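Notes to accompany the following structure.
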Amino acid sequence: GAAAAAAVARRNERERNRVRLVNLGFAALRQHVPHGAASKKMSKVETLRSAVEYIRALQRLLDEHDAAASFPDGRGRVAVGEVGGGGGYSSASPSFASSAPGSPCSSEESGYDAALSPEERELLDFTSWLGSY
C-alpha cells in the first residue's frame, strides 16, 4: 500500500543522495590528483589509482626529505626522485582499503546526521574533509 510505496521512495531518495555524495567525493578527489582537474573523463577507478600513486610519490618525497635531513653535514643527501623510483601505476596494494584510517572528523549526532546511515555519515565527513583542502 501507501506505506510500502513511501518506504520505497525513501530508500530510493537515500540511494540517490548516497550516489550524489560519492560522485561529489570523486569530483573533489579529482581536483587534488595530477591531471585530474584537466581530465573530466577520468573514471572513478582511474581517480583512485591516481590518488594512490600520488600519495605514494608524496610519501617517497617525505621519506627522501627525512633521510636527507638526518645528515646535516651533507652525507647521505639524495636528489629528489633518486630513492624509491617507479613511476606510472603499479597495482594498488591489496591492503590499501583495509588499512585506510577512519574518517578524520566526526559529525554531531544531530537532526539531519542522526537520520543518515553510517556509510552516508562517513561520505559526508569525507566530502567535508576533502572540501577543507
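Readers should treat all values here as calculations from the given coordinates under stated rules, not as data from a laboratory. Keep in mind that what you see is a predicted model, and the values were worked out from it rather than measured. Glycine gets a Cβ as well: all are built from the backbone with ideal geometry, and neighbour counts include every protein chain shown.
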**Report entry** Spacing of the two label points (7 Å from each Cα toward its C-beta) at V22 and R10, in nm
**Finding:** 2.2
Requested in this report: Could you please state, rounded to a whole Å, how far the C-alpha centre of segment 1-17 is from the C-alpha centre of segment 24-68?
Outcome: 37
